[in-house]
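Below is one structure, written out as structure tokens, with a few remarks after it.
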Amino acid sequence: MQKAFVLFLILFPCCCFAQMTSHEKVLEITSAADSSIKNHPAEKLYIQFDKPYYAIGDTIWFKAYLFNVPTLAFSAKSRIMYVEIANDGNTFIKQYRLPVKDGITWGNISLNDYPSGNYTLRAYTNWMRNFGTDGFFYKRFAIADNREQTWLANSKTTTSITDGKLLANVKLQLSDMNKAAVADKSVQLEVMTGSHHLYKQQVETDANGLLDVNFKVPEKATGLALVAHDEKNENKITIPVDLNRPEHADVQFLPEGGNLVAGLPSRIGFKAIGEDGRGITISGIVIDHSQKQVAAFQSLHNGMGSFDLAVQPSEKYVAKVTLPGGTIKEYALSEIKNTGTVLDVKNPFEADSLMVTLSATSDLTQSSEKFFLIGKSRGIICYAAVLNFREGVVCRNISKKLFPSGITHFILTNTKGQPLNERLVFIDHGGGLLIELSNDKPVYEPHDSIALHISVTDSIGKPIAGNFSMAVTDDAQVKQDTLNNESIITRLLLTADLKGFVEEPGYYLQTKNAKSWQALDNLLLTQGWVNYDWQADKQHPA
């Protein structure tokens, strides 16, 4: 951990530039930070798996790619990769060591000794430990006991409140392993919480294998599952029931750049997640102390959105949020600071430049204090400027060509090097690889050999040499969800720099339109949110 702390001090020096001009200071900061990053670059890790989920007795096949962060070239620094697997109780049960050569390794893990359940795989190198565990590679996966699952099911769970009681509605469509509907069949349904039975019900599927199940949910019930089996118990399936009780929803409001500041306009990102940890659709209004509406909002994608607010001094704002099912809950917005700065970044869809706007309270506009605006991507400072607020609001049009594809951090610091505001934006220059696969025959016999022809070019058709991995699975048994499954692109350019679980990472980079671009910005406003409060803590940012 010591090396990561040293890098922080180099990036934000506190006292060694007393005799320098502001422009000399920012040049010195840029030179020192870039030199440190180039000499001691961080690493990013991505592991490609053959399947998104497994069964008891399966084998996990994988290939791992280790990258140098500033260049995204293969890293030659680390020679060993550590892989650890933890159970649902967050207890690590096995560790594996694999040799890495020129940034590449591969292997397999037998699941014969693993019972059914949910697991987390964590992978890292010793060098990555210098930068904290947030940069490790994490992968959640499930192991099913196919000996107990002889049916397949599509299910959707909704909840409602009736007479103060929580009701669950589960819509099921049952099919056998050949994907034929379990039609017109008598089925025994059981609602379980752990090993305890809550309800039993005898029902019959329709011609399409559909069932509509309703039941009351006990007040403190957790880990609910619906078990369906035929009369002879020869066919069976267990379906987890994910509840989203309104009282368990979590909604956070996060001002752009860090804080709400008196008298300064602010953009506020928000994120709402349900009991299952996934985004929920919400809407609402913001009221002031006199109950007057001052803003309205509605989530755009996966519970996230944003809205503008003209922040007034000595005001207290409350958000009245309408949750799924119509429940309304109130959430107080963060405390308003009497002095400070606001960093706002506009990143229009398909525009070639960013609009960075910085505002400050009157005490700072009347002073001669200078500030540094830094734009940093992959650890390298790509933009740096000296500014002051003597003329009021500061605006900068900054070309996106200065930054590589991926997340860019804009940071406003004072001359002591203390960061005051930070905002993440995404830069997308496109130019991905074009991969074409073709085979030599349209139909094959059992045990045939399949010859594949693979062509890889850049966006202008120039052939590209590279290192690739490919998995072949049975469409009838393995369902790929390209929006929810992380790819090497979403990992390297997006999720590795964000906090927490990112739902549907593929949506933001595969679906390229104005709506998905705004949703991506909302993601960075929330899960990329950073707050610095040097008044509350003189030593460390909050």
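Enter the angle in degrees (range 0 to 90, nearest 10) between the Cα long axis of helix 22-39 and the first principal axis of the Cα atoms of the chain, meaning the one along which they spread out most.
40 degrees
Got a number for carbon plus sulfur as a percent of the range 100-257's accessible area, 1.4 Å probe?
Answer for the range 100-257: carbon and sulfur cover 45 percent of the accessible area.
To test your reading of the geometry: what angle, between 0 and 90 degrees and rounded to tens, separates the Cα axis of helix 514-527 from the longest principal axis of the chain?
Taking Cα atoms only, the helix is inclined about 80 degrees.
Order the peptides 435-447, 225-237 from the highest to the lowest mean number of other Cβ atoms within 10 Å of their residues.
Order by mean packing, descending: 225-237, 435-447.
If we sort 512-518, 368-374, 161-167 on the protection proxy, mean other Cβ atoms within 10 Å, highest first, what's the order? All intermediate terms of the calculation are to be shown ahead of the outcome.
Values: 512-518: 13.9, 368-374: 18.1, 161-167: 10.9.
The most tightly packed comes first, giving 368-374, 512-518, 161-167.
Send over the Kirkwood Rh of the range 186-247, from the inverse of the averaged 1/r over different Cα pairs, rounded to one decimal Å.
One decimal place: 12.6 Å for the Kirkwood radius.
In terms of modelled amide H atoms, which long-range or inter-chain residues lie less than 5 Å from the amide H of MET304?
ALA272
Go through LYS271/LYS515; LYS400/LYS512; LYS77/LYS400; LYS271/LYS479 and tell me which ones have a Cα-Cα distance over 24 Å in this structure.
Numbers: LYS271/LYS515 17 Å; LYS400/LYS512 17 Å; LYS77/LYS400 30 Å; LYS271/LYS479 29 Å.
Those over the limit are LYS77/LYS400; LYS271/LYS479.
Taking H as built 1.01 Å from N, whose amide H comes closer than 5 Å to the amide H of ASN421, not counting residues under 5 places away?
Those qualifying (amide H under 5 Å, at least 5 residues apart or on another chain) are LEU412.
Taking only C-alpha pairs under 8 Å that are 6+ residues apart, what is the relative contact order of the range 403-542 in percent?
Taking the mean separation of contacting Cα pairs over the length of the range 403-542, I get 23 percent.
With θ taken as phi - 60° and the coefficients 6.51, -1.76 and 1.60, list the Karplus ³J(HN,Hα) couplings across the range 422-438 in order, rounded to whole Hz; mark glycine and proline as x.
Result, ordered by residue: 8, 9, 9, 9, 10, 10, 10, 9, x, x, x, 6, 10, 10, 10, 10, 9 Hz.
Summing +1 for each Lys or Arg and -1 for each Asp or Glu, what net charge is found among the other residues whose Cβ lies under 10 Å from the Cβ of LEU264?
Details: positive: LYS337; negative: ASP344.
Once all neighbours under 10 Å are counted, the net charge is 0.
What relative contact order, as a whole-number percentage, does the range 247-358 give when Cα pairs under 8 Å and 6 or more residues apart are counted?
Computed over the range 247-358, the figure is 28 percent.
Over what distance in Å are the Cα centres of the range 263-286 and the range 410-443 separated?
Taking the Cα centre of the range 410-443 as reference, the centre of the range 263-286 is 25 Å away.
To the nearest Å, what is the center-to-center distance of the range 324-367 and the range 195-235, using C-alpha atoms only?
Each part's Cα centre sits 48 Å from the other's.
Please list, in chain and number order, the residues 5+ apart from VAL261 or on another chain whose amide H is under 5 Å from its amide H, with Hs placed from the backbone.
Amide H neighbours of VAL261, under 5 Å, 5+ apart: LYS337.
Give me the angle, in degrees from 0 to 90, between the Cα long axis of helix 2-11 and the longest principal axis of the Cα atoms of the chain, rounded to the nearest 10.
50 degrees
Given contacts defined as C-alpha pairs under 8 Å and at least six residues apart, what's the relative contact order of the chain, whole-number percent?
Once normalised by length, the contact order is 11 percent.
Rounded to the nearest 5, what % of the DSSP beta bridges within the range 234-366 are antiparallel ones? Mind showing how you got there, number by number?
Values: 36 of 38 bridges.
Percent antiparallel among DSSP bridges in the range 234-366 is about 95.
Which ³J(HN,Hα) values in Hz, rounded to whole numbers, follow from the phi angles of the range 226-232 under the Karplus curve 6.51 cos²θ - 1.76 cosθ + 1.60, where θ = phi - 60° and Gly and Pro get x?
10, 9, 10, 8, 7, 5, 8
Is it possible to state the helix-based mean residue ellipticity at 222 nm for the chain, with each DSSP H run of 4+ residues giving -39500 (n - 2.57), the sum divided by total residues, to the nearest 500 deg cm²/dmol? What is it?
Taken over the chain, the calculation gives -3000 deg cm²/dmol.
Would you kindly derive the ³J(HN,Hα) couplings of the range 504-509 from the backbone phi angles with the Karplus curve 6.51 cos²θ - 1.76 cosθ + 1.60 (θ = phi - 60°), listing them in order in whole Hz, with x for Gly and Pro?
So the Karplus estimates, Gly and Pro as x, are 6, x, x, 4, 6, 10 Hz.
On a straight-distance basis, which lysines could pair with LYS165 in a cross-link, Cα separation under 25 angstrom, same-chain partners fewer than 8 positions away excluded?
Within the straight-line cut-off, LYS165 pairs with LYS156, LYS200, LYS216, LYS220, LYS320, LYS329.
The values are calculated or read from the model by the stated rules, or taken from the named source; none is laboratory data. These figures come from a predicted structure and were not determined experimentally. Heads up, the Cβs are rebuilt from the backbone with ideal geometry, glycines too, and the neighbour counts pull from every protein chain shown. Ligands, DNA and RNA are stripped out before the accessible areas are found, and what is left, the full protein with its side chains, is counted by its heavy atoms. Shrake-Rupley method; radii C 1.70, N 1.55, O 1.52, S 1.80 Å.
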